[in-house]
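The values are calculated or read from the model by the stated rules, or taken from the named source; none is laboratory data. These numbers come from a predicted model, not from an experiment. Don't worry about glycine lacking a Cβ; one is built from the backbone with ideal geometry, like all the others, and counts go over all protein chains shown. When the accessible area is computed, the model is the full protein with side chains, heavy atoms only, and any ligands, DNA or RNA have been set aside. Shrake-Rupley method; radii C 1.70, N 1.55, O 1.52, S 1.80 Å.
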Amino acid sequence: MMLLVGGGIGVTPVMGMLKDIYDIGLPNDQQNQMPHAIETVYFLWVMPTMDDYDSFKDEIDLCLEKSYEPGRPKLELSIYITRSKAVLSHPFISGRPNIDNVFEKMLGTHPDSTGLVFGCGPQPLVAELWDKSI
């Protein structure tokens, strides 16, 4: 399993990783035909407003579509909108992620797996990911 977390503009390197995992932007003859070693990719994006989502909406939609192909990792998407008080529908969530709950869900779903955690964004978010990953 893999947890990729982007906070604000910190989503940029995360999107590069997602595009690589799902071969977005490569011609069909250059795409990886081997089954992926990663079972599930958990992608969390924390952003102030829903408008930020439009920056990568098309790429995220392609990754989700490709995640249903045989041999590709399942993509679990959670997008947190920090300045929203509205009730949102999945994958959008009002507020900030509870990192403890994120790790509990992943470990409950994959109890015997090791994982990779990558985070880029505001220092408090990255520090919390670091502390919970150890």
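Assorted remarks:
- On Cα atoms only, tilt of 123-133 relative to the major axis of the chain in degrees: 60 degrees
- Pairs exceeding a 24 Å alpha-carbon distance, out of Lys57/Lys132; Lys105/Lys132; Lys85/Lys132: Lys57/Lys132; Lys85/Lys132.
- For segment 54-89, the set of chymotrypsin sites (Phe, Trp or Tyr not before Pro) satisfying both a DSSP loop assignment and a count of at most 15 other C-beta atoms within 10 Å is given as Tyr68.
- Sulfur and carbon atoms: percent of accessible area, segment 53-134 [1.4 Å]: 54 percent
- For segment 104-112, 3J(HN,Hα) computed residue by residue from phi via the Karplus equation (6.51, -1.76, 1.60; θ = phi - 60°) reads 4, 4, 4, 5, x, 7, 10, x, 10 Hz, glycine and proline entered as x.
- Amide hydrogen proximity for Gly7: with H placed 1.01 Å from N in the peptide plane, the residues at 5 or more positions away or on another chain lying under 5 Å are Val46, Cys120, Gly121.
- Probe 1.4 Å, accessible area per residue of segment 2-134, Å²: 59 Å²
- Computed from the alpha carbon atoms alone, the convex hull of the chain holds 109 Å³ per residue.
- Rounded tilt (10° steps) of 11-21 against the dominant C-alpha axis of the chain: 20 degrees
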